[in-house]
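Visitor: I'd like to ask you about the structure that follows.
Each reported figure results from applying straightforward, stated rules to the coordinates on display, with no laboratory input. Note that the structure is a prediction, hence the values are computed from the model and not measured. Neighbour counts run over all protein chains shown; Cβ positions are idealised from the backbone, glycine included.
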Amino acid sequence: MKKMMLLAVSALLLCAGCEEKKTEQVAEQPKPAAEQPAVVAQKAAPAPSEAAVRNGIKSIDWEQAIKMYEAGAVYVDVRNPPELQDGFAPFAINIPLNELKQRMNELPKDKDLLVYCRSGRRSELATNALMKAGFDRAYNVLGGFLAYPKK
């Protein structure tokens, strides 16, 4: 009998946990483009698709990042200085990931931030940290600089 009660309580907790996760996922969905603040520029930046949101982190590809940059967004390169010898996006602000918390004040909160690293892992961590610090317009650029379009 005790085993049956324990099993029943466990099943209820498991079901409640699943429902709670669904609620969190719905709450993490980005606002529709009409409710997001517009980029102060001549062109409107495209909003990332809902499918690009994973674990609350908004991710975009380089094609979309370039369009957003042309509309006034800022590139944030979180690689270490020696890695910059491989190249970087135009006018990118370089703040290595390990310095990000201390240097967030160097980043504008009123512009879209396009965060990238070498392959995409550090930029995902950096984007998450920025969002937790109140930078609602931070976007992880998928694939990092390895995926940057070479001309």
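Visitor: With 19 Å as the limit, write out which pairs from Lys67/Lys150; Lys58/Lys150; Lys58/Lys109; Lys111/Lys132; Lys109/Lys150; Lys67/Lys101 have Cα-Cα distances beyond it, or answer none. Intermediate results must be reported in sequence, preceding the final value.
Guide: On the way: Lys67/Lys150 16 Å; Lys58/Lys150 24 Å; Lys58/Lys109 16 Å; Lys111/Lys132 16 Å; Lys109/Lys150 29 Å; Lys67/Lys101 27 Å.
Check vs 19 Å cut-off fails for Lys58/Lys150; Lys109/Lys150; Lys67/Lys101.
Visitor: Let me ask something else about it. I'd like to compare 74-83, 94-103, 111-120, 139-148: which one has the highest average count of other Cβ atoms within 10 Å, and what's the full order after that?
Guide: On the way: 74-83: 18.5, 94-103: 14.5, 111-120: 23.5, 139-148: 20.9.
Per-residue mean Cβ counts within 10 Å order the peptides as 111-120, 139-148, 74-83, 94-103.
Visitor: While we're on this one: Distance from the Cα centre of the stretch 100-151 to that of the stretch 60-99, in angstrom?
Guide: So the separation of the two Cα centres works out to 8 Å.
Visitor: Further, regarding this structure: In debye, nearest 20: dipole of the stretch 41-147 around its Cα centre with unit charges on the Cβ of K, R (+) and D, E (-)? List each step's numbers first, then the result.
Guide: Numbers: 14 positive and 13 negative charges, 53 e Å.
In debye, rounded to 20, the stretch 41-147 gives about 260.
Visitor: Positive end of the charge dipole of the stretch 73-151 (Lys, Arg +1 and Asp, Glu -1 on Cβ, about the Cα centre): tell me which of Phe145, Leu107, Ile95 has its Cα farthest that way.
Guide: It is Phe145.
Visitor: Can you list the residues, at least 5 places off or on another chain, whose amide H is less than 5 Å from the amide H of Asn94, using H built in the peptide plane?
Guide: Amide H neighbours of Asn94, under 5 Å, 5+ apart: Asp77.
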